[in-house]
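Notes for the one structure printed next.
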Amino acid sequence: MSSVPSSLHDLPPLLAHKLSTSQIAQLRAYAALLQEANTKVNLVSRKDISHIWEHHIVPSLLFLGWWYFPAGAEVLDIGTGGGLPGIPLAIAHEKTSFVLLDSTRKKIEIVSQIVADLNLNERVKVIWNRAENLSMRFRYIVGRAVAPPQKFLAWCKECINKEGQVFYYTGENFGPIPTGWQGTFHPFGELLPNEPYLQGKGILHLRRKL
């Protein structure tokens, strides 16, 4: 396994000044827990698990290069898998609540334990279900490459409020924005132009047309 960064200096400067040493410690603990859990259940591609920090945790946190969720907000992470991007974002947003949703029971059981081990239970709820079955409505929804954007937005329509926003981590060739939505793609290369892995990837920020 790859070594997990041990200080603020191991993060891109863009992120280093946005996170405290205690938040970095939680991120390091999360990386270790995710690597261990992945030996039992395939939460992250096994060929990619040795790059958990630079391919998964740092990209999840690049959200902070453009936005912050407001204190007191509740954010839904659809198709969270091993807790991405929800857990890194929850660590970075200490006054924001998160709901991590996945339809695979084994994944949810492990993520529930990871959340408990990180002492995030008060702000992070883990649910085994499908988005279309949720009775809750959210102003903010995130997701990371769990389906084509068109399909992901179909799930979002069932659980987003009228003024809701979606932040979807995807590639730049995401196709046309579906009818009823307006959106802007924010490329990771704009923030970290010297990182080859991140080129062509970014966050698609979408709002419903009212």
Ranking 199, 96, 159 by how far each Cα lies towards the positive end of the charge dipole of the stretch 59-208 (+1 on Lys and Arg Cβ, -1 on Asp and Glu Cβ), the top one is 159
Just flag the trypsin sites (Lys or Arg not before Pro) in the stretch 160-210 sitting in loop per DSSP whose Cβ has no more than 16 other Cβ atoms within 10 Å. 209
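Beyond 31 Å between alpha-carbons counts as too far, so tell me which of 47/151; 40/162; 18/40; 107/209; 18/201 fall in that bin.
Working: 47/151 26 Å; 40/162 40 Å; 18/40 33 Å; 107/209 34 Å; 18/201 22 Å.
Over 31 Å Cα-Cα: 40/162; 18/40; 107/209.
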Antiparallel as a % of all DSSP beta bridges within the chain, to the nearest 5? 40
Rounded to the nearest 20 Debye, what is the dipole magnitude of the stretch 59-208 about its Cα centre when Lys and Arg each give +1 and Asp and Glu each give -1 at the C-beta? 420
Per-residue [θ]222 nm for the chain (sum of -39500 (n - 2.57) over DSSP H runs n ≥ 4, rounded to 500): -7000 deg cm²/dmol
Towards the positive end of the charge dipole of the stretch 59-208, with charges on Cβ (+1 Lys, Arg; -1 Asp, Glu), say which of 116, 60, 150 has the farthest Cα. 150
For residue 99, list long-range residues whose amide hydrogen, built 1.01 Å from N in the peptide plane, is under 5 Å from its own amide hydrogen. 75, 76, 77, 125
126, 75 arranged by Cβ crowding within 10 Å, fewest neighbours leading: 75, 126
For residue 39 and residue 117 in one chain, what is 0.36 nm times their gap in residues minus the Cα-Cα distance, to one decimal in nm? 26.3 nm
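Quick note: the coordinates plus some simple rules give every number you see, no bench work behind them. Fair warning: this is a prediction, and the values are worked out from it, not measured in the lab. Quick reminder, even Gly has a Cβ in these numbers, built from the backbone with ideal geometry, and neighbours come from all protein chains shown.
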